[in-house]
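Quick notes on the structure that follows.
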Amino acid sequence: GLLASGGLVRVRLTLRADNEADLRRLRREMIDEVHARIGEADIWGLDDDTLEEAVGRLLLERGWYVSVAESCTGGMINASLTRVFGASQYLKTGYVVYSNESKTRLLGVRESTLEAHGAVSAETAAEMAQGALRESGADIAASVTGIAGPSGGSEEKPVGLVFLGVATRRGVETFRVQFPGERDLVRQFSTVRCLDLIRRRLLGETLGE
């Protein structure tokens, strides 16, 4: 069965066998089949694993530190990371930069970028991620800026529009996504997407559409 909730999709297997040994074998075969059909890059855990735990494991394996700069999520991504015991071994710094002034003062986002493209833009997301990387001294940094609603949207930039950025020493990539739903869902979806982009970048994938 496929269970979609909170921006995640869980694949549930219900298996039957004549004995425990056959059940273990069948379970392994079915898990391998799921991996083959979905693809390794889109699978991050098994049983009770969480996405933030998967990100933490990858950071520990590489010996990397992460920093996250958040606007519309207001600290939800950093809160997710710190739900995992031992997060201090890989979480460097968290920034909540809701105002334009704080984006400029704490992360070095240029006023000219904000004036030309707005706070909700790929350009601002890129400079937020680069600023978090630079100012914190982390190895990888992510950013999120968007319009969570219920107001504040326009025809050009509707409610639910979110831009994310991921930066390393090799450069920065941005991602644009339009989320459905009300404010809390937009923030939850943004949190999940940001964590997954960090995970994919750690795996060495190219981000973007």
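The values are calculated or read from the model by the stated rules, or taken from the named source; none is laboratory data. Because the structure is a prediction, the values reported are computed rather than measured. In case anyone asks, the SASA skips ligands and DNA or RNA and just uses the protein heavy atoms, side chains included. Shrake-Rupley method; radii C 1.70, N 1.55, O 1.52, S 1.80 Å.
With every protein chain in place, what's the accessible area of R183 (1.4 Å probe, Å², nearest 10)?
90
For the chain, report the accessible area per residue in Å² (1.4 Å probe, heavy atoms, rounded to an integer).
Values: 11190 Å² over 209 residues.
That works out to 54 Å² for each residue.
At 1.4 Å probe size, what's the solvent-accessible area of L23? Round to the nearest 10 Å².
In the full protein context, L23 sits at about 70 Å².
Short version: what are the Cα gyration tensor semi-axes of region 3-130, square root of 5 times each eigenvalue, largest first, in whole Å?
Values: eigenvalues 329, 53, 29 Å².
Computed over region 3-130, the values are 41, 16, 12 Å.
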